[in-house]
Amino acid sequence: MCPKRLDAAELQLREQQILDAARLALEETTLARFSMDRVVERVPYSKGLVYSHFSCAEDLMLGLGGRLIRQLLTHSQLQIHKSGSSRTRFVALATELFELAQNNPILFQAYQSCKCPLVKGKASRAWLHQHERIERQLEAFMLGLIEDAISEGALQLPQGLGKRQIVFASWANWYGVLLLLTSGKVNATCQEVAVMEKAYFDAVEIQLNSLHWMPLVAAE
């Protein structure tokens, strides 16, 4: 008897189960000690089947990093409405990133690893392309918010600066500040989180003020 042929939805479900196991494995170890074997022992699938989805640990990192971006987009698309100013909606996206990094530190850690040349050098082409696709979706979403701001008259592009450059600068600002604030911090106290939150949103608002994205926000 031939084995049952799984449809795309069933394959996707299996893939997500493997990524769930990878996240749990990463919670119990470090990136340096993370391995495919640690994941295989947590799923009801053979080693060969797991490898048919993910060829190496680096593929799993790309999968988990992509999950962070998917959650960011899903939450943002649900939360960001056309009500309020375009600047408010843009800051809402930054807010979602901050909350995801705080509530899902393992996914944020995995996303960090996706930027490592070693991971990019070892990962399969299929997972690299999939990760690039989800990042392009994020870029398109951010571009849409910037286009809204221009249409509303809340933002005028500075001379020599394009919309994609603003997207890149904004993401680099948010992500870079989060890296600096969370580096070496495990189980931060409420007071530490409050300090990080203020520093993060100060950086967000300062950048938007520098673009003269209306309405301007006074520094506290």
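The values are calculated or read from the model by the stated rules, or taken from the named source; none is laboratory data. Source: prediction; values computed, not measured. Don't worry about glycine lacking a Cβ; one is built from the backbone with ideal geometry, like all the others, and counts go over all protein chains shown.
Could you list, in sequence order, all residues of region 165-220 that are in contact (Cβ under 8 Å) with a residue 12 or more places away in the chain and aromatic (F, W, Y)? The answer is W171, W174, Y175, Y200, F201, W213. Out of curiosity, is A110 surrounded by 15 or more Cβ atoms within 10 Å (Cβ to Cβ), of a type outside the set (F, W, Y), more than 29 Å from N209 (Cα to Cα) and under 14 Å from the mean Cα position of the chain (by Cα)? For A110, the condition - surrounded by 15 or more Cβ atoms within 10 Å (Cβ to Cβ), of a type outside the set (F, W, Y), more than 29 Å from N209 (Cα to Cα) and under 14 Å from the mean Cα position of the chain (by Cα) - is met. Of the numbered criteria (1) under 24 Å from L181 (Cβ atoms); (2) at pLDDT 95 or above, the one P105 fails is (2).
If you check E147, E139, which single one turns out to be closer than 26 Å to E58 by Cα, without any contact (Cβ under 8 Å) to a residue 40 or more places away in the chain and out of contact with any strand residue (DSSP E or B) (no Cβ under 7 Å at 6 or more places or on another chain)?
Of E147, E139, the one residue that is closer than 26 Å to E58 by Cα, without any contact (Cβ under 8 Å) to a residue 40 or more places away in the chain and out of contact with any strand residue (DSSP E or B) (no Cβ under 7 Å at 6 or more places or on another chain) is E139.
Across region 138-176, the qualifying residues are those that are loosely packed, with under 13 Cβ neighbours inside 10 Å and under 13 Å from the mean Cα position of the chain (by Cα), and the one among them that is farthest from R87 (Cα to Cα) is G176. Scoring V217 on the criteria (1) surrounded by 14 or more Cβ atoms within 10 Å (Cβ to Cβ); (2) farther than 17 Å from E99 by Cα; (3) modelled with pLDDT of 95 or more leaves a single failure, condition (3). Looking only at region 16-53, residues that are acidic (D, E) and touching a residue at least 60 places away in the same chain (Cβ under 8 Å) come to 1 in all.
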